[in-house]
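One structure is given below, encoded as structure tokens.
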Amino acid sequence: MTTTVNPVLRAAPAAPAEAAAHFRAGLAFHTDVSDVAAALGAGGDPGFVLLDARSTEAWDQGHIPGALHLPTALVPEQAGQLLDRSVPVVTYCWGPGCNGAARAALALAELGYRVKEMLGGFEYWVREGLAFETWQGRERRAPDPLTAPVDAGDCGC
């Protein structure tokens, strides 16, 4: 008699200690929109620099208030003039379909910076109803209830 294993369990789950190590490591490399917004909104120095790694055209369409604009391609030549190696950097790009933040984070890490990537990028910043800036001033869109439950304040994670 053969038993069929469902696709979820075809590869067995990791042992609890291995899973804990994996997820702990992931949190060392990633943060999310909600946590970045909370840190920036708390007032004072958040303890990191938020870096928008997108093109100038993308930056002009909208960016997170207080972010530093440094396109990924310019990181190697300009990071040393714009960033302090003692201050962690959080990178972002368009969203989940864009790896520009990961590429910028890699370039910064190779230059000796401590860095995290903000998951969700600018797309999820806007989808969560957070304020953003354009050349015309500040804007805000209604939160997408699929990414930011109404009156929840954050994802509740």
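The values are calculated or read from the model by the stated rules, or taken from the named source; none is laboratory data. In this text, all values refer to a predicted model and were calculated from it rather than measured experimentally. All Cβ positions, even for glycine, are placed from backbone atoms using ideal geometry, and neighbour counts span all protein chains on display. The accessibility values were calculated without ligands, DNA or RNA, using every heavy atom of the protein model including side chains. Shrake-Rupley method; radii C 1.70, N 1.55, O 1.52, S 1.80 Å.
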Amide H within-cut-off set for HIS30, under 5 Å, with H built and near neighbours excluded: GLU117
Label-point gap, in nm, between VAL8 and GLN81 - each point 7 angstrom along Cα→Cβ: 5.3 nm
Residue-count net charge about HIS69 - beta-carbon cut-off 12 Å; Lys, Arg +1, Asp, Glu -1: -3
Three-way shape label, segment 38-99, alpha-carbon gyration tensor, a/c 1.5: oblate
Net +/- balance of residues flanking THR31 in space, Cβ distance below 10 Å, scoring K and R +1, D and E -1: -2
Charge dipole (debye, nearest 20) of segment 1-59; +1 at Cβ of Lys and Arg, -1 at Cβ of Asp and Glu: 320 debye
Accessible area of the chain divided out per residue, in Å², using a probe of 1.4 angstrom: 62 Å²
Global form of segment 13-157, assessed from the alpha-carbon gyration tensor, a/c cut-off 1.5: oblate
Of all DSSP beta bridges in the chain, antiparallel share, percent nearest 5: 25 percent
Integer Hz, Karplus 6.51/-1.76/1.60 couplings in order for segment 39-56, x for Gly and Pro: 5, 5, x, 6, x, x, 7, x, x, 8, 9, 8, 10, 8, 9, 7, 5, 4
Residue of VAL126, VAL87, VAL33 that the Gaussian network model of the chain assigns the largest fluctuation, springs spanning Cα pairs under 10 Å: VAL87
Nearest-20 debye value, the chain charge dipole, Cβ charges on Lys, Arg, Asp, Glu: 340 debye
